Amino acid sequence: MGSVVVFASSLLLTSSSLVSKSSLISKHKTLLHFSLISPRNNNRRLTMSATLGLTKAATIDATKIAFTAKEIDLVEWKGDILAVGVTEKDMVKDQNSKFENSILRKLDTHLGGLLGEVSVEEDFTGKAGQSTILRVPGFGSKRVGLIGLGKSPAGYKSLGEAVAAAAKSAQASNVAIALASSEGLSSENKLSTATAIASGAVLGTHDDNRFKSESKKALLKSVDILGLGAGPELEQKLKFAGDVCSGVILGKELVNAPANVLTPGVLAEEASKIASTHSDVITAKILDVEQCKELKMGSYLAVAAAATENPAHFIHLCYKPASGPINSKLALVGKGLTFDSGGYNIKTGPGCSIELMKFDMGGSAAVLGAAKAIGQIKPLGVEATCENMISGTGMRPGDIVTASNGKTIEVNNTDAEGRLTLADALVYACNQGVEKIVDLATLTGACVVALGPSIAGVFTPSDELAKEVFAASEISGEKFWRMPMEESYWDSMKSGVADMVNTGGRQGGSITAALFLKQFVAENVQWLHIDMAGPVWNEKKRTATGFGVATLVEWVLKNSS
């Protein structure tokens with residue numbers, strides 16, 4: 001079978017092959033359309049130019065970590081840090097104050113009881129988030145660390161992240177990671193556990209230093225994963241994890257990039273670079289304002305009208321297989337506001353977060369990050385990217401705009417602009433003949449209020465599509481929650497002078513936004529909307545998360561098998 005995936009977003013796209021998946025992908029025929037507004041450097045981390053503030057992103061070579069799976073005794077491993085993930089149960093001791101866990105007991109014996117002593121002195125019990133790193137001269141490993149996993153670990157990505165943090169602190173170049181209790185894991189669970197650990201290590205190592213005048217480079221070069229198997233299948237899984245992480249990192253860097261560097265035009269250049277890298281199968285169509293007018297994208301163009309210095313770009317990358325039939329067509333559509341001032345309904349007051357509105361292209365970042373990771377799966381992508389600014393040519397409250405499907409919208413709030421751009425992007429995607437669409441958008445503050453900063457809201461009338469995406473999220477570890485599509489709320493979206501208004505008030509704001517988007521999806525197309533306004537950004541770390549990339553990759557892979 002094959003798949004067509006539409007990537008609709010407004011961010012940079014880098015395309016790299018998933019070598020580890022080549023055996024799976026080569027059997028399938030896929031048509032890929034990307035509608036993007038973004039560019040990319042194929043061999044290095046994202047590079048961008050700037051016209052404002054003399055700011056340019058430094059060109060920094062991506063950190064490369066070699067992962068190897070080994071079945072050796074922990075005490076035989078030699079290197080900088082040996083890290084062992086432990087549960088609270090693993091830390092239980094017998095009446096002689098010896099570890100009941102055989103691996104910890106053996107390791108503690110070789111260390112002369114040091115692990116047992118430190119666990120008591122530091123009250124280390126294996127709780128999630130706890131860690132202790134010991135320097136052990138004369139041992140094969142320079143340092144030995146215990147990383148707490150809690151009572152019953154829900155995922156192992158945090159173990160990899162904790163080890164990466166320890167490696168940064170110790171300036172370590174090679175580490176080994178093992179579990180105190182892995183003998184009870186099935187072969188399938190060992191594969192998924194190793195993959196999660198590797199993903200955590202890659203993402204934990206990554207620092208976005210492109211805009212810092214001085215920064216330390218990560219020294220971690222190799223990670224050995226012990227006791228979870230070995231062989232070609234596991235090595236392939238580890239390689240795949242690295243490829244997915246490269247897409248997540250791209251998504252993070254796109255969102256982190258400031259609006260004076262990452263403009264719609266820069267995104268378009270990046271898309272063209274991706275197409276040229278895979279010119280045998282991928283073509284780029286970048287629509288300018290005049291071409292969007294010909295397609296009657298009045299809703300999208302109204303949002304972009306004030307940004308005359310950085311005009312809109314609508315990007316469509318298309319993959320066509322060299323031979324064979326196309327059995328399925330998928331679309332990924334991402335909201336791509338490279339900056340959102342709110343327009344004439346300008347964002348003001350505490351909590352408006354106008355200084356963070358560079359992340360309003362987080363949906364596009366997720367789509368493009370996924371596109372990079374699944375470059376050989378060849379999906380279809382559509383992106384409408386622009387800025388929402390203020391000028392004499394800008395959209396005003398009370399204006400009526402006409403979308404490309406002919407429906408009219410009374411704009412009662414210019415700060416509800418993302419749905420206006422997505423409206424025409426969804427129509428465009430449907431016109432490509434796709435069967436399924438997943439759109440992602442930092443769409444509403446209401447969804448953050450409802451679900452908090454770590455969970456994305458899912459809206460869809462399709463139980464089947466919801467099941468597919470949630471199955472993908474189970475693998476990725478990203479958090480989603482399905483919200484209701486309450487049709488009675490549509491009454492608040494009715495206009496006296498147009499087909500609809502673009503906002504229905506504060507109550508149920510994320511629901512009415514989803515109902516608005518539904519008006520622009522063809523009835524024969526399965527559609528799912530993800531409101532990721534919360535998890536797009538980590539407020540504590542003041543950085544983007546790359547949310548959505550891993551789930552999209554898993555969803556597309558499943559539909560391509």
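The values are calculated or read from the model by the stated rules, or taken from the named source; none is laboratory data. Nothing here was measured: the structure is a model prediction, and the numbers come from that model. Cβ atoms come from the backbone with ideal geometry, glycine included; neighbour counts cover every protein chain shown. Surface accessibility is based on the protein's heavy atoms, side chains included, excluding ligands, DNA and RNA. Shrake-Rupley method; radii C 1.70, N 1.55, O 1.52, S 1.80 Å.
Quick notes on this structure:
- Here the scattering of the chain is modelled by Debye summation over its C-alpha atoms, one equal scatterer each and no solvent; at q = 0.08 Å⁻¹ the log10 of I(q)/I(0) is -0.53.
- Fraction of antiparallel bridges per DSSP, the range 240-559 only, in percent to nearest 5: 45 percent
- Computing FRET efficiency as 1/(1 + (r/R0)^6) for L114 and E464, where r is the C-beta to C-beta distance and R0 is 45 Å, gives about 0.25.
- Per residue solvent-accessible surface (Å²) - the chain, probe of 1.4 Å: 40 Å²
- Peptide packing for 142-148, 459-465 was compared via the average number of neighbouring C-beta atoms within 10 Å per residue; ordered from the highest value, the list is 142-148, 459-465.
- Rel. contact order, % - alpha carbon contacts under 8 angstrom, at least six apart, the range 134-212: 39 percent
- Whichever lysines have a C-alpha closer than 22 Å to that of K285, once near sequence neighbours (fewer than 8 apart) are set aside: K29, K273, K293, K296, K320, K329, K335, K372, K378, K436
- The relative contact order of the range 240-559 comes to 24 percent, based on Cα pairs under 8 Å that sit 6 or more residues apart.
- Euclidean distance of C-alpha centroids, the range 344-362 and the range 424-483, integer Å: 22 Å
- In terms of its C-alpha gyration tensor, the range 81-178 comes out oblate, because a/c is 1.5 or above while a/b does not outweigh b/c.
- Amide H contacts of A176 (H built 1.01 Å from N, in plane; Pro and chain starts excluded): I81, L82, A83, D224 sit under 5 Å, all sequence-distant by 5 or more or on other chains.
- Cα-based shape type of the range 240-559, given that a ≥ b ≥ c are square roots of the gyration tensor eigenvalues and the cut on a/c is 1.5: rounded
- Computed over the range 334-417: relative contact order in percent, which uses C-alpha pairs under 8 Å that are six or more apart: 41 percent
- Average projected area [Cα convex hull, the range 206-276], square nanometres: 7.2 nm²
- Of the beta bridges in the chain, as assigned by DSSP with both residues counted there, near 35 percent are antiparallel.
- Our helix-only sum for the chain, with -39,500 (n - 2.57) per DSSP H run of n ≥ 4 divided by its residues, gives a mean residue ellipticity at 222 nm of -9500 deg cm²/dmol.
- For I72, residues with placed amide H under 5 Å, excluding near neighbours: G227
- Taking packing as the residue-averaged number of other Cβ atoms within 10 angstrom, the listed peptides 112-120, 268-276 run from highest to lowest as 268-276, 112-120.
- Packing-based ranking, highest mean first, of 496-505, 413-422 given that Cβ atoms within 10 Å are counted: 413-422, 496-505
- Counting Lys and Arg as +1 and Asp and Glu as -1 over every other residue whose Cβ lies under 12 Å from the Cβ of S341, the net charge comes to -4.
- Placing R0 at 35 angstrom, the Cβ-Cβ distance between K293 and V497 gives a FRET efficiency of 0.90 after rounding to 0.05.
- Span from the the range 293-307 Cα centroid across to the the range 185-260 one, whole angstrom: 39 Å
- Near the amide H of L287, within less than 5 Å, lie the amide hydrogens of F314, I315, H316, all on another chain or at least 5 residues away, with H placed in the peptide plane.
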